[in-house]
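The values are calculated or read from the model by the stated rules, or taken from the named source; none is laboratory data. Nothing here was measured: the structure is a model prediction, and the numbers come from that model. Using ideal geometry, Cβ is built from the backbone for each residue, glycine included, and neighbour counts are taken over all protein chains shown. Ligands, DNA and RNA are excluded from the accessible area calculation, which covers all protein heavy atoms including side chains. Shrake-Rupley method; radii C 1.70, N 1.55, O 1.52, S 1.80 Å.
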Amino acid sequence: MPGLLLRLPLALWRLGRLALHLLHGMAMVALRFRHLDAKGRQPYVQWWSGKLIRLIGARLDLQGTPRPGATLFIANHVSWLDIASIHAGCPQARFVSKADVLRWPLLGWLIRHVGTLFIERERKRDALRVVHQMAEALRQGDSVAVFPEGTTGPGPRVLPFHANLLQAAIAVEAPVQPIVLRYSEPGQVFGTAAQYIGDTTLIGSIWKIISARGLVVHVHFLPAQATAHADRRALGEFLQSLLQAELDQAAAA
């Protein structure tokens with residue numbers, strides 16, 4: 001209890017700054033984005049995302065380089081913070097996200113206005129619609145990012161991939177670049193503060209994150225993989241194994 005009371009003022013300070021930053025982001029999108037093309041928006045997306053990481057008291061550890069041009073980025077999914085974490089190093093990525101996030105206060109509005117594609121995962125036919133949208137975006141030279149697990153996990157283990165969205169990259173022969181996400185804390189290779197699993201609410205998750213000490217956000221870009229003539233299920237299993245190997249290596253270090 002004493003430790004919690006000591007952290008309370010810092011957490012409240014971070015929460016206030018985070019709220020102001022969200023409002024700043026909404027103003028930036030409403031007033032500036034209408035005058036900018038997708039490339040012109042990228043520096044603002046990267047700046048805003050990087051600052052969000054700093055304001056919650058975390059440190060960003062970027063490794064590797066995102067591939068420019070038409071690329072499908074895939075990543076393991078741990079937290080609502082994943083999108084900002086990836087955007088801090090790869091602002092060009094257009095995410096495919098569950099439609100549920102549209103109901104998130106403030107964050108949902110922001111996510112919708114940075115080119116996000118939304119999928120109704122409960123409706124099987126909706127996946128086909130999104131695959132066509134993704135393929136068209138890749139064909140036009142955009143970068144798209146997805147979380148093939150379809151839900152968040154605790155971190156150490158990659159959940160089974162839903163490979164249907166990989167078909168968009170295969171159809172246009174765009175490369176896939178894996179991204180390994182990990183959140184660590186002092187003494188914990190896989191920290192628990194950023195986990196967004198089970199019955200955790202968004203508000204509860206935000207409070208856990210801003211109350212944490214020494215949180216590090218690890219974003220590791222692995223080499224891009226070719227997709228021409230690939231089988232999507234085999235490709236999904238291969239990509240899943242690449243991510244898991246990196247997480248296992250982190251655990252063993």
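Worth a mention:
- Using Cβ point charges alone (K and R +1, D and E -1), the dipole size of the chain about the Cα centre works out to roughly 780 debye.
- Taken per residue, the accessible surface of the chain reaches 49 Å², heavy atoms only and a 1.4 Å probe.
- For segment 125-195, the relative contact order comes to 31 percent (Cα pairs under 8 Å, sequence separation of at least 6).
- Only Lys, Arg (+1) and Asp, Glu (-1) charged, at Cβ; segment 190-253 dipole about Cα centre in debye: 200
- Carbon-plus-sulfur accessible fraction, the chain (probe radius 1.4 Å, protein heavy atoms only): 57%.
- With each label modelled as a point 7 angstrom along the Cα→C-beta vector, the Val216-Thr151 pair spans 3.1 nm.
- Each residue of segment 205-221 was assigned a 3J(HN,Hα) from its phi angle through the Karplus expression (A = 6.51, B = -1.76, C = 1.60, θ = phi - 60°), giving 5, 4, 5, 4, 5, 6, 8, 6, 10, x, 5, 10, 9, 9, 10, 10, 8 Hz with x at Gly and Pro.
- Between His113 and Leu128, the simple spin-label model (points 7 angstrom out along Cα→Cβ) gives 3.5 nm.
- Given (1) 86, 37, 27; (2) 43, 39, 35; (3) 59, 48, 34, the label whose value is Cα extents along the principal axes in Å derived from this model: (3)
- Note: relative contact order over the chain, using C-alpha pairs below 8 Å and six or more positions apart, is 25 percent.
- Inter-site label distance for Asp61 and Arg32 at 7 Å from Cα along Cβ, in nm: 3.0
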